[in-house]
Structures are given as C-alpha cells and as structure tokens.
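Asker: Quick one: the structure is below, and I'll ask about it shortly.
The values are calculated or read from the model by the stated rules, or taken from the named source; none is laboratory data. Not measured: the values here are computed from a predicted model. Please note: Cβ atoms are built from the backbone with ideal geometry, for glycine as well, and neighbour counts cover all protein chains shown. Keep in mind that these areas ignore ligands, DNA and RNA; they rest on the heavy atoms of the full protein, side chains included. Shrake-Rupley method; radii C 1.70, N 1.55, O 1.52, S 1.80 Å.
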Amino acid sequence: MGDTETETGAERGLAGFSTRAIHAGQDPEPTTGAVIPPISLSTTFAQDGVGNHKGFEYSRSGNPTRTAMEIQVASLEEARYGMAFASGLAAEDNILRLLTQGQRVILGNDAYGGTFRLISKVWAPLGFPWSAVDLTDLDGLRDNWPSDTGMVWLETPTNPLLTCFDIEAIVSIAHERGAIVVVDNTFATPYLQQPITLGADIVVHSATKYLGGHSDVVGGFVATSDDGLAERLSFTQNAAGAVPSPFDCYLVLRGVKTLAVRMDRHCENARAVVDLLVDHDAVERVLYPQLPDHPGHEAAAKQMRDFGGMVSFTLRAGRDAAMRVAAATSIFTLAESLGAVESLIEHPGAMTHMSAAGSPLEVPDNLIRLSVGIEDAHDLVDDLAAALDTI
Ligand code: PLP
C-alpha cells in the first residue's frame, strides 16, 4: 500500500465536510473498538504465507495510521488518492519527479520561498527549466506559453502577497497545451477551496500549517484523482521514502477533525484585523483577498468559500518600521510558519522569503505577514494597534 485510494465525499455519500473530517478513514478499530485510530508504531507486519498479508507489509510502503489520515485528507480534497509526506517540501519534491528532463515548470510569480528554492536551486541545475509568470494575466500566459512547459505550479492565495489566481481558467489553458496543473492549497485548505473539483491535476499541502493546525507537526500531503499520476506519485513516495512517522500522521489526523471550525474563526478574526489595518494611517496597503481591489479578488470570490486567515500589509514608513512592528506585538508571536491556533507575525523579506531576494519572487521590504489565529479578536486588534503606535 502506498497511495491510498479513497472514495470522494460524493461517492461515499457522506453528508458534509466536517462529517468526513471526523469519520473518513476512521472506522472504530475492529479488535478493540477504539474510536480513535491507534498510532501504529510497528514497522513490519506479519504475513500468513509469503505475500499473504492484511494490506500492510512495511511501514515506509504503508502504515495504518498514515492510511487513516491519507483517506481523511483525500476525502476532504474530493480526491480519489492521497499520499502523506514528511514535509510540504518533501511532497513538492515528489511531485517534481513526475517531470522528464527538459520539461519546464511555470511558477506563479509569488510563492513560498522554499518552493522557489526547490525549483530554481535544486531542480533547475538538473535540467528542469522554470519561469516565474504573473498568473493573473491569462492573456499573457496564453500568448507567451513556452512550448517546453510540462507543469504549471501555483499557490492561491499566494505566500506572502495573497494574490489569487483563477484555477479553472489556468487549468483550461494548461490542459489545451498538454501541461498538468499543481495547486498548493496550503493557505486556503480544502475547507475554503477544492482545486481538484476545479480541474487541477494535483493538490499539494504543507500539512504543517492549517491541516495540523497546532504548530506541533511538520508534514506534507499530495492529492490527485488521476489514476496514472497517483500510480507514479505513490511509486516515488515509496521508492524515495520521504514518509511521515505514525505519530506525525496522528497529529495531522487529529488536527484536521476541527479544520472547519478553526477556519471559520480564522476568517472572522482576519476580517477584524483587516478592518483595523485599512483605516490605519501608518499602513500603506492591506493585502487580503476579500478587499475588492485585491489582485485576484474576483477569482477568490468565485472559487473560495471564504477568504482565509492570512493577512499581509505594507507600512508607509518602510523596512525598519516593519522590523520594529514585527517585534513589538505581544499576542502575535514573531515567528516563521502559519496556520495554527496562535497568531504569528513575521517579516517575509528577512524570514520566510529571504531565499527569493534578488529573484522575480522578491517581496517588498516594508511587508509584514500575519497568520491570524483563533484567539479573541479584540485582543488581536488591540495588540496590533499598540504595535503600530510604536512607529
Ligand atoms: N507551501 C507553502 C505555501 C508554504 O507556506 C510552505 C511552508 O511554509 C511549504 C509549502 C513548505 O512546507 P513545509 O515547511 O512543511 O516543508
């Protein structure tokens, strides 16, 4: 077992998103009746005769706790197959192995710095060209399509500028030209957006973020409904072996159960923070997909249930002021990462996106990124207002 084939929510006939989050892949354990899938630490599984086993042989190839989580998350993404990885970047690396040498990756021109680093610094020197493209410009994408393109890779909303791209439109352009589309759904989560239902070939996650949701596990996830892609992706999942531990799978599985309620609160709190920022004199620009003038607002409104818990903004007073504000909050913790219950603040240019300096993906140096948590909104607003007053 490696790729975990699952039925999509619709096929399973289960009612809704949270019902699947809590039950898909998680039937009570048959021997004891345990309601929660056990953390199966066994690395190997007894066989009755050679090759005659109960579905598991060796835990790199497949593990019961991992299978439970793979079925759960794939079901939420409305995907037939799900594969768990040791980190988001391990998941990304596994996907890039689908390319044959000489095939190009078109990368949206705003993306996580580590994704940029993997594509441009690890894969490009091995003979896999790449280009950064503004994917809000669909005519430009059509007109300047490099003929060697094998894959379009996009985040929506992007990290850290929160630009949104029209998944259906990009899929249609890419598929007409024979390329596959990978959507990094880390920021939206399957609760807010399901790229497979919009035609994307593959969804990838840093499960470290909203899926885990509590800043206590590093993980990655890949989902697809394409039989051929699933076969190749699961072959490499096993052959290269970047799989998560059973305990890590358990933590993601547990986090995902509350994804819907957490996301509703993240979105609500993000709106309270945006309301403060849009009216604040020190703020130059607020980046949040719900704002009507936000790049890709229409795409976001069309394809997302709500606009997410991430908020970015730039300061009129520039880089040094941004550094000071990032260090001046007390409830928002100054730290990398995002998507957990606690609020975080960071300076992307000097932290998460430092590897993109000098590249087409470089971010403004007066930019601050917030991962708005699920604390009480008024405390978050007061904390941020006090930090802005220090400028
Ligand atoms: N994709 C996005 C959008 C991210 O923000 C990150 C990490 O911040 C990753 C992928 C990489 O995931 P990981 O840190 O779990 O390897």
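Asker: What is the set of long-range amide H partners of SER312 at a cut-off below 5 Å, with H atoms built 1.01 Å from backbone N?
Answerer: For SER312, whose amide H was placed from the backbone, the distant partners under 5 Å are LEU287, LEU370.
Asker: For LYS257, tell me the accessible area in Å² from a 1.4 Å probe, rounded to the nearest 10.
Answerer: 40 Å²
Asker: Could you grab the relative contact order for segment 259-388? Cα pairs under 8 Å, six or more apart, rounded to a whole percent.
Answerer: Averaging sequence separation for qualifying contacts and normalising by length gives 29 percent for segment 259-388.
Asker: Given a 1.4 Å probe and every protein chain left where it sits, what share in percent of the accessible area of the chain is carbon and sulfur?
Answerer: Summing carbon and sulfur atoms, their accessible area is 51 percent of the total for the chain.
Asker: Then there's this: Pull up all non-local amide H partners of THR208: gap of 5 or more, or a different chain, and H-to-H distance under 5 Å with H placed in the peptide plane.
Answerer: Excluding prolines and chain starts, which carry no amide H, the hits are GLY88, GLY219.
Asker: Also, I was wondering about something else. Of the options ALA386, VAL363, LEU276, report the single residue whose Cα projects farthest towards the positive end of the charge dipole of segment 259-388 (beta-carbon charges: Lys, Arg +1; Asp, Glu -1).
Answerer: Checked the options; the winner is VAL363.
Asker: Karplus couplings for segment 364-371 from phi (6.51 cos²θ - 1.76 cosθ + 1.60, θ = phi - 60°), rounded to Hz, Gly and Pro as x?
Answerer: x, 7, 9, 8, 10, 10, 10, 9
Asker: Also, I was wondering about something else. Could you derive backbone 3J(HN,Hα) for segment 170-185 from the dihedral phi with the Karplus parameters 6.51, -1.76 and 1.60 (θ = phi - 60°), listing whole Hz in sequence and x where the residue is Gly or Pro?
Answerer: Each residue's phi maps through the Karplus curve to give 5, 4, 5, 5, 5, 5, 4, 9, x, 9, 9, 10, 10, 10, 7, 9 Hz.
Asker: Now a separate question. Compute a Gaussian network model of the chain, connecting alpha carbons closer than 10 Å, and tell me which residue from THR31, THR65, THR149 fluctuates the most.
Answerer: Between THR31, THR65, THR149, it is THR31 that shows the largest mean-square fluctuation.
Asker: Then there is this: Using modelled amide H (1.01 Å from N, peptide plane; none on Pro or chain starts), what sits under 5 Å from the amide H of VAL133, excluding residues fewer than 5 places away?
Answerer: LEU107, GLY108, ASN109
Asker: Between segment 275-290 and segment 314-391, what's the alpha-carbon centroid distance in Å?
Answerer: Comparing the Cα centres of segment 275-290 and segment 314-391, I get a distance of 13 Å.
Asker: Sort TRP153, TRP130 by heavy-atom solvent-accessible area, probe 1.4 angstrom, most to least.
Answerer: Greatest to least solvent exposure: TRP130, TRP153.
Asker: Please compute the contact order of the chain in relative form: average sequence separation of alpha-carbon pairs under 8 Å and at least six residues apart, divided by the residue count, as a percent.
Answerer: This gives 18 percent for the chain.
Asker: With a 1.4 Å probe and every protein chain left in place, work out the accessible area per residue of segment 203-315 in Å², rounded to a whole number.
Answerer: 37 Å²
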